[in-house]
1. Modelling each spin label as a point 7 Å along the Cα-to-Cβ direction, I'd like the W56/L99 distance in nm, to one decimal.
2. Could you please tell me the mean projected area of the C-alpha convex hull for segment 118-172, averaged over all directions and given in square nanometres to one decimal?
3. Taking segment 128-210 on its own, what percent of its Cα-Cα pair distances exceed 23 Å?
4. Express in whole angstrom the spacing between the alpha-carbon centres of segment 54-77 and segment 181-201.
5. Using the beta-carbon distance between L13 and F177 and R0 = 45 Å, what value does 1/(1 + (r/R0)^6) give for FRET efficiency, to the nearest 0.05?
6. Could you state the angle between the C-alpha long axis of helix 96-124 and the longest principal axis of the C-alpha atoms of the chain, as a value from 0 to 90 degrees rounded to the nearest 10?
7. Per 0.36 nm of contour for each residue apart, how much would the distance between L4 and A165 grow if the chain were fully extended, relative to their Cα-Cα spacing?
8. Counting only protein heavy atoms, what percent of the accessible surface of the chain is carbon or sulfur at a 1.4 Å probe?
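The values are calculated or read from the model by the stated rules, or taken from the named source; none is laboratory data. Note that the structure is predicted; figures quoted are calculated from it, not measured. Backbone-built Cβ (ideal geometry, glycine too); neighbour counts: all protein chains shown. Surface accessibility is based on the protein's heavy atoms, side chains included, excluding ligands, DNA and RNA. Shrake-Rupley method; radii C 1.70, N 1.55, O 1.52, S 1.80 Å.
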Amino acid sequence: MARLNNYEKTKRLVGLAILTAIVAILQALSPIVPLPVSMTFALTPIILGAAIYGKWAGAYLGSVFGLIAYIMGVLGRDGFTAFLIYFTNKDSIFSIDSLMVLFVCLFKGAAAGFVSGVIFKLFSKKNELTASFVAGAACSIVNTGIFVIFALSFFVPHLEAFSAAYFSGTAVVPLVFFTLAGINFIAEFLINMVLAVVIARIIKVVKIQS
(Lines give C-alpha, C1' and ligand atoms only; values in the text may rest on other atoms or scores of the structure.)
Protein backbone atom coordinates (compact mmCIF):
# COMPACT_ATOMS: atom_id res chain seq x y z
CA MET A 1 0.00 0.00 0.00
CA ALA A 2 1.43 3.38 -1.03
CA ARG A 3 2.15 5.87 1.73
CA LEU A 4 -0.17 8.87 1.88
CA ASN A 5 1.19 12.37 1.48
CA ASN A 6 0.22 15.15 3.92
CA TYR A 7 -2.70 16.33 1.79
CA GLU A 8 -4.12 12.82 1.50
CA LYS A 9 -3.67 12.23 5.24
CA THR A 10 -5.49 15.46 6.03
CA LYS A 11 -8.31 14.62 3.64
CA ARG A 12 -8.62 11.16 5.19
CA LEU A 13 -8.73 12.58 8.72
CA VAL A 14 -11.38 15.13 7.74
CA GLY A 15 -13.45 12.43 6.04
CA LEU A 16 -13.25 10.12 9.05
CA ALA A 17 -14.08 13.01 11.40
CA ILE A 18 -17.22 13.80 9.40
CA LEU A 19 -18.27 10.15 9.31
CA THR A 20 -17.57 9.82 13.05
CA ALA A 21 -19.90 12.74 13.75
CA ILE A 22 -22.58 11.27 11.47
CA VAL A 23 -22.36 7.85 13.15
CA ALA A 24 -22.57 9.41 16.62
CA ILE A 25 -25.52 11.66 15.72
CA LEU A 26 -27.51 8.95 13.96
CA GLN A 27 -26.98 6.45 16.77
CA ALA A 28 -27.81 9.04 19.43
CA LEU A 29 -31.04 9.96 17.63
CA SER A 30 -32.14 6.37 16.91
CA PRO A 31 -33.82 5.75 20.31
CA ILE A 32 -36.25 8.66 19.86
CA VAL A 33 -39.06 6.21 19.03
CA PRO A 34 -39.65 4.09 22.18
CA LEU A 35 -39.23 0.49 20.98
CA PRO A 36 -37.73 -2.59 22.71
CA VAL A 37 -35.04 -2.67 19.99
CA SER A 38 -32.90 0.00 18.39
CA MET A 39 -33.37 0.55 14.67
CA THR A 40 -30.63 2.77 13.31
CA PHE A 41 -29.25 4.34 10.15
CA ALA A 42 -25.79 4.49 11.76
CA LEU A 43 -24.51 1.38 9.97
CA THR A 44 -24.67 3.19 6.63
CA PRO A 45 -21.82 5.67 7.30
CA ILE A 46 -19.83 2.76 8.79
CA ILE A 47 -20.16 0.86 5.51
CA LEU A 48 -19.31 4.01 3.56
CA GLY A 49 -16.21 4.66 5.65
CA ALA A 50 -15.08 1.04 5.35
CA ALA A 51 -15.53 1.19 1.57
CA ILE A 52 -13.64 4.45 1.10
CA TYR A 53 -10.94 4.24 3.76
CA GLY A 54 -10.59 0.51 4.33
CA LYS A 55 -11.37 -2.19 6.89
CA TRP A 56 -9.59 -0.56 9.85
CA ALA A 57 -11.50 2.68 9.32
CA GLY A 58 -14.66 0.57 9.28
CA ALA A 59 -13.62 -1.06 12.56
CA TYR A 60 -12.98 2.37 14.11
CA LEU A 61 -16.36 3.75 13.00
CA GLY A 62 -18.05 0.57 14.18
CA SER A 63 -16.51 0.96 17.63
CA VAL A 64 -17.82 4.54 17.78
CA PHE A 65 -21.26 3.17 16.91
CA GLY A 66 -20.97 0.59 19.70
CA LEU A 67 -19.75 3.13 22.26
CA ILE A 68 -22.63 5.53 21.55
CA ALA A 69 -25.09 2.63 21.73
CA TYR A 70 -23.69 1.72 25.14
CA ILE A 71 -23.79 5.32 26.39
CA MET A 72 -27.40 5.70 25.24
CA GLY A 73 -28.14 2.42 26.99
CA VAL A 74 -26.64 3.72 30.24
CA LEU A 75 -28.87 6.77 29.85
CA GLY A 76 -31.85 4.45 29.43
CA ARG A 77 -32.56 5.47 25.84
CA ASP A 78 -31.28 2.64 23.66
CA GLY A 79 -34.05 0.04 23.79
CA PHE A 80 -32.84 -3.43 24.69
CA THR A 81 -29.29 -2.29 25.47
CA ALA A 82 -30.74 -0.12 28.25
CA PHE A 83 -32.65 -3.04 29.72
CA LEU A 84 -29.62 -5.34 29.51
CA ILE A 85 -27.44 -2.75 31.24
CA TYR A 86 -30.09 -2.36 33.94
CA PHE A 87 -30.27 -6.08 34.67
CA THR A 88 -26.48 -6.60 34.60
CA ASN A 89 -25.89 -3.52 36.79
CA LYS A 90 -28.15 -4.66 39.62
CA ASP A 91 -25.23 -6.00 41.64
CA SER A 92 -22.45 -3.68 40.48
CA ILE A 93 -21.66 -1.50 37.48
CA PHE A 94 -18.21 -3.11 37.52
CA SER A 95 -19.48 -6.68 37.51
CA ILE A 96 -18.17 -9.08 34.85
CA ASP A 97 -21.56 -9.21 33.12
CA SER A 98 -21.88 -5.42 33.15
CA LEU A 99 -18.45 -4.95 31.57
CA MET A 100 -19.30 -7.70 29.08
CA VAL A 101 -22.19 -5.57 27.76
CA LEU A 102 -19.72 -2.77 26.96
CA PHE A 103 -17.36 -5.25 25.30
CA VAL A 104 -20.15 -6.72 23.16
CA CYS A 105 -21.31 -3.26 22.03
CA LEU A 106 -17.77 -2.29 20.98
CA PHE A 107 -16.81 -5.65 19.50
CA LYS A 108 -19.89 -6.24 17.36
CA GLY A 109 -19.71 -2.73 15.91
CA ALA A 110 -15.97 -2.94 15.20
CA ALA A 111 -16.31 -6.41 13.67
CA ALA A 112 -19.21 -5.29 11.47
CA GLY A 113 -17.20 -2.35 10.14
CA PHE A 114 -14.07 -4.45 9.61
CA VAL A 115 -15.91 -7.20 7.73
CA SER A 116 -17.72 -4.59 5.60
CA GLY A 117 -14.36 -3.20 4.51
CA VAL A 118 -12.98 -6.64 3.65
CA ILE A 119 -16.14 -7.62 1.73
CA PHE A 120 -16.35 -4.34 -0.17
CA LYS A 121 -12.72 -4.52 -1.30
CA LEU A 122 -13.22 -8.10 -2.46
CA PHE A 123 -16.38 -7.46 -4.49
CA SER A 124 -15.52 -3.95 -5.75
CA LYS A 125 -13.00 -5.48 -8.14
CA LYS A 126 -15.99 -6.57 -10.23
CA ASN A 127 -18.77 -4.08 -9.43
CA GLU A 128 -19.03 -1.35 -6.79
CA LEU A 129 -22.84 -1.46 -6.61
CA THR A 130 -22.75 -5.20 -5.94
CA ALA A 131 -19.99 -4.59 -3.41
CA SER A 132 -22.17 -2.02 -1.62
CA PHE A 133 -25.09 -4.45 -1.38
CA VAL A 134 -22.94 -7.35 -0.14
CA ALA A 135 -21.01 -5.17 2.33
CA GLY A 136 -24.29 -3.77 3.66
CA ALA A 137 -25.72 -7.27 4.13
CA ALA A 138 -22.52 -8.45 5.81
CA CYS A 139 -22.53 -5.47 8.17
CA SER A 140 -26.06 -6.27 9.38
CA ILE A 141 -25.39 -10.00 9.69
CA VAL A 142 -22.15 -9.56 11.67
CA ASN A 143 -23.58 -6.85 13.94
CA THR A 144 -26.66 -8.89 14.85
CA GLY A 145 -24.98 -12.29 14.71
CA ILE A 146 -22.33 -11.40 17.28
CA PHE A 147 -25.01 -9.97 19.57
CA VAL A 148 -27.01 -13.21 19.36
CA ILE A 149 -23.95 -15.38 20.04
CA PHE A 150 -22.94 -13.40 23.12
CA ALA A 151 -26.51 -13.01 24.36
CA LEU A 152 -27.12 -16.76 24.32
CA SER A 153 -23.65 -17.50 25.73
CA PHE A 154 -23.37 -15.02 28.61
CA PHE A 155 -26.67 -13.24 29.30
CA VAL A 156 -29.29 -16.00 29.56
CA PRO A 157 -30.12 -15.35 33.26
CA HIS A 158 -30.52 -11.63 32.56
CA LEU A 159 -32.58 -12.35 29.45
CA GLU A 160 -34.86 -14.58 31.51
CA ALA A 161 -35.36 -11.77 34.02
CA PHE A 162 -35.97 -9.33 31.17
CA SER A 163 -38.47 -11.71 29.57
CA ALA A 164 -40.32 -12.23 32.85
CA ALA A 165 -40.59 -8.48 33.37
CA TYR A 166 -41.59 -7.39 29.87
CA PHE A 167 -42.52 -10.41 27.71
CA SER A 168 -44.60 -12.63 30.04
CA GLY A 169 -41.79 -15.15 30.45
CA THR A 170 -41.22 -15.92 26.76
CA ALA A 171 -38.45 -18.50 26.25
CA VAL A 172 -35.04 -16.88 25.74
CA VAL A 173 -34.17 -18.30 22.30
CA PRO A 174 -37.44 -17.24 20.59
CA LEU A 175 -37.22 -13.89 22.41
CA VAL A 176 -33.73 -13.21 21.03
CA PHE A 177 -34.24 -14.52 17.49
CA PHE A 178 -37.79 -13.39 16.73
CA THR A 179 -38.32 -10.32 18.90
CA LEU A 180 -35.12 -8.54 19.90
CA ALA A 181 -32.47 -9.42 17.33
CA GLY A 182 -34.99 -10.41 14.66
CA ILE A 183 -36.77 -7.06 14.39
CA ASN A 184 -33.50 -5.17 14.71
CA PHE A 185 -31.80 -7.27 12.02
CA ILE A 186 -34.64 -6.93 9.50
CA ALA A 187 -34.74 -3.15 9.98
CA GLU A 188 -30.96 -2.74 9.64
CA PHE A 189 -30.78 -5.09 6.67
CA LEU A 190 -33.53 -3.29 4.73
CA ILE A 191 -32.04 0.12 5.49
CA ASN A 192 -28.62 -1.00 4.23
CA MET A 193 -30.10 -2.54 1.08
CA VAL A 194 -32.09 0.59 0.24
CA LEU A 195 -29.09 2.88 0.82
CA ALA A 196 -26.58 0.65 -1.01
CA VAL A 197 -27.21 2.59 -4.23
CA VAL A 198 -26.50 5.87 -2.43
CA ILE A 199 -23.29 4.44 -0.96
CA ALA A 200 -22.10 3.30 -4.40
CA ARG A 201 -22.76 6.75 -5.90
CA ILE A 202 -20.95 8.56 -3.08
CA ILE A 203 -17.95 6.27 -3.51
CA LYS A 204 -17.90 7.01 -7.25
CA VAL A 205 -17.95 10.78 -6.57
CA VAL A 206 -15.15 10.47 -4.01
CA LYS A 207 -13.00 8.51 -6.49
CA ILE A 208 -13.55 11.10 -9.21
CA GLN A 209 -12.47 13.90 -6.87
CA SER A 210 -9.42 12.00 -5.61
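1. 2.7
2. 4.8
3. Here the tail beyond 23 Å accounts for 40 percent of pairs.
4. First find each Cα centre; the distance between them is then 17 Å.
5. The calculated FRET efficiency here is 0.65.
6. 30
7. 52.6 nm
8. 72
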